[in-house]
Every structure is written in structure tokens, then in C-alpha cells.
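**Q** What follows is a single structure, and I will ask about it in a moment.
The values are calculated or read from the model by the stated rules, or taken from the named source; none is laboratory data. Predicted model only: the values in this text are computed from it and were never measured. All Cβ positions, even for glycine, are placed from backbone atoms using ideal geometry, and neighbour counts span all protein chains on display.
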Amino acid sequence: MNQAQATLHTARLRLVPYADEHYPLSKALDQDPEVMKHIGFGRPLTDDETKQVHDWLLKSCTYLPGFGTWVAYAEGHSEPIGWWILAATPKDPTKPTENFDTSRSETGYRLLREHWGKGYATEGSKEVIRHGFQGLGLNEVFGETMTVNKPSRKVMEKLGMKHVDTWFNEYPTPPPGIEEGEVRYRITREEWEAGQYESPPSSV
Ligand SMILES: CC(C)(COP(=O)(O)OP(=O)(O)OC[C@H]1O[C@@H](n2cnc3c(N)ncnc32)[C@H](O)[C@@H]1OP(=O)(O)O)[C@@H](O)C(=O)NCCC(=O)NCCS
């Protein structure tokens, strides 16, 4: 765990830095066909792939102070419900592991299926984005998903993010639905300040 990564709170969630103990959560997510339907290859990950994702999530806090992945514990549940990320992005996409951009971040989320449809993704993301703008001084937060991933797009819309790009890539093992392309949503600091800010609640 990176000491620079803050614990965050919302009305129903306590968001703690992703740690080694969260591997079972990550595995449950990455090996659920419904969760992975619109991610990566569009299929559940193998054990090796699951471990790679876990290592990537663990490492996400090491590139820039304060960035990283959070696991949420929800009121009334002893086990974590999912994760949210504010990822460091490289200034030069051809050099993905160096020279990170301190002014922008890519966000994303993955929740256990039994917790879908209760507003948790939106609630956690609101706080993670607030932290990005207020805590880290970002100028922009963006998110990407497959065009057909309607729940994820809806979450980004509810966060005040705007659809800014659609593109069509070819992949060696394309996930079903990729023929409809991928989309990027974005919110700038100005847009967030103009309407997105909500005071963080006192505690959980
Ligand atoms: C995407 C995901 C995080 C959403 O989590 P969630 O906690 O259910 O999200 P919320 O409850 O905050 O909001 C979901 C919204 O999508 C809407 N929605 C759900 N299914 C939908 C569909 N098929 N078409 C349109 N809207 C849909 C819900 O009605 C809700 O909007 P509302 O509040 O206006 O009713 C969750 O489904 C998930 O983990 N999916 C698998 C991983 C994934 O795809 N992650 C994103 C990858 S980029």
C-alpha cells in the first residue's frame, strides 16, 4: 500500500487502498462471465490472467502519489463489493510505463454482480472523481468502455462525464460486441466545478 493513497468515504461506502488481501475479490470479479462480458477478451480470465490483473491493481498506486485503486466496503456487508481506479496515464502512449501525466487520470470500476443496480458504482465514482480534482489537482478525468456496455456508460453519464470519442480497433481475439466500437467519456475540472461537486459526507 502506498501511504500517499487516501482512504475515501461516501454515505454508504468506505474506499480503502487496494492491497494483497483483496486478491479473492479480484478473482471473483475477473472469473465471473457477466462481469467480464464487456472487458478485455469478453470472457472470464484464467488464473494466470487474474494474477496479472491483481499485480497491475497493486502497482497502480506506485506511479504517481495519490493515484491508485480503491476497494469498497459497503454498509451492512462484511466483504468488499468491488474496486474503483484512478490510473496514472503516460504522456506518450508508446512509452506506457514512464513519464506519467499528473494532470489527468483514467477511471474505471468493477463490482460483484450481487451488488449491481444499487447505485454503488456511481456513488463510489463520484467520490473518487472528487478526490481526483480536489485531492490530486487533476484537470481531467476520463473513462473508456465498449459501446455496448450500457450500464457503464450510464454511470459515466450520471457522473456528468461527456461522450467525447468513439473508435473502432481490431483485436486478435475480439470480445463480442466490439464491432460497435469503444467510447470515451470525459469530465474537465471546469465542468466538475460548475456542477459536479458534492461535499463528502462526514463518515461511514
Ligand atoms: C458497470 C457497473 C460497475 C455498474 O455498477 P452499478 O453499481 O450497478 O451502477 P449504478 O447502480 O451506479 O448505475 C447503473 C445504471 O445503469 C443502468 N443500467 C443498467 N443496465 C442497463 C442497460 N442494459 N441499459 C441501460 N441502462 C442500464 C441502471 O438503471 C443505472 O442507471 P439509473 O440509476 O439511472 O437507473 C457494473 O455493472 C459492473 O461491475 N459491470 C461489470 C464490469 C464493467 O463493465 N465495468 C466497466 C468497464 S469499463
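**Q** Show the residue pairs meeting these rules: Cβ distance below 7 Å; 6+ apart or different chains; first residue within segment 148-176 and among the hydroxyl-bearing types (Ser, Thr, Tyr); second residue away from the ligand (no atom under 12 Å from the Cβ).
**A** Close Cβ pairs satisfying both conditions: THR166/GLY181; TYR171/ILE178; THR173/PHE41.
**Q** Could you list, in sequence order, the residues of segment 14-52 that are within 11 Å of the ligand (Cβ to nearest atom) and within 15 Å of the chain's Cα centre (by Cα)?
**A** Hits for segment 14-52 are LEU29, ASP30, VAL35, MET36, HIS38, ILE39, GLY40.
**Q** Continuing with the same structure: Could you count how many residues in segment 128-146 are buried (at least 18 other Cβ atoms within 10 Å of the Cβ) and either touching an Asp or Glu at 6+ places or on another chain (Cβ under 6 Å) or under 17 Å from TYR185 (Cα atoms) (or both)?
**A** Counting residues in segment 128-146 that are buried (at least 18 other Cβ atoms within 10 Å of the Cβ) and either touching an Asp or Glu at 6+ places or on another chain (Cβ under 6 Å) or under 17 Å from TYR185 (Cα atoms) (or both) gives 12.
**Q** Of a type outside the set (Phe, Trp, Tyr) and within 7 Å of the ligand (Cβ to nearest atom): is that true of LEU111 in this structure?
**A** yes
**Q** Oh, and also: Does TRP167 fit the bill of being within 11 Å of the ligand (Cβ to nearest atom) and at pLDDT 95 or above?
**A** So TRP167 does not fit the description; no.
**Q** Another question, then. Quick check, is ASN139 polar (S, T, N, Q), over 20 Å from ARG12 (Cα atoms), in contact (Cβ under 8 Å) with a residue 24 or more places away in the chain and more than 12 Å from the ligand (Cβ to nearest atom)?
**A** yes
**Q** So ILE81 clears everything in (1) within 16 Å of the ligand (Cβ to nearest atom); (2) crowded, with 20+ Cβ neighbours inside 10 Å; (3) within 17 Å of TYR185 (Cβ to Cβ) except one condition, right? Which one?
**A** That leaves (3) as the condition not met.
**Q** Moving on. Report whether or not SER60 is within 13 Å of the ligand (Cβ to nearest atom), at pLDDT 95 or above and surrounded by 14 or more Cβ atoms within 10 Å (Cβ to Cβ).
**A** no
**Q** Considering (1) among the polar types (S, T, N, Q); (2) farther than 13 Å from HIS22 by Cα; (3) surrounded by 13 or more Cβ atoms within 10 Å (Cβ to Cβ), say which one THR94 fails and leave the rest.
**A** Unmet condition: (3).
**Q** Taking helices (runs of 4 or more DSSP H) that fall entirely within segment 81-198, which contain at least 3 residues that are over 15 Å from HIS38 (Cβ atoms) and not acidic (Asp, Glu)?
**A** Because the criterion is at least 3 residues that are over 15 Å from HIS38 (Cβ atoms) and not acidic (Asp, Glu), the helices (runs of 4 or more DSSP H) in segment 81-198 that meet it are 120-130, 189-195.
Residues checked against (1) touching a residue at least 40 places away in the same chain (Cβ under 8 Å); (2) more than 25 Å from PRO151 (Cα to Cα):
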position	(1), (2)
ARG43	yes, no
PHE67	yes, no
GLY82	yes, no
ASP101	no, yes
TYR109	yes, no
GLU114	no, no
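**Q** Quick one: LEU138 ticks every box in (1) within 15 Å of the chain's Cα centre (by Cα); (2) under 20 Å from VAL164 (Cα atoms); (3) not polar (S, T, N, Q) bar one, so which box is it?
**A** (1)
**Q** So TYR73 clears everything in (1) in contact (Cβ under 8 Å) with a residue 40 or more places away in the chain; (2) touching a helix residue (DSSP H, G or I) at 6+ places or on another chain (Cβ under 8 Å); (3) over 30 Å from SER103 (Cβ atoms) except one condition, right? Which one?
**A** The single condition TYR73 does not satisfy is (2).
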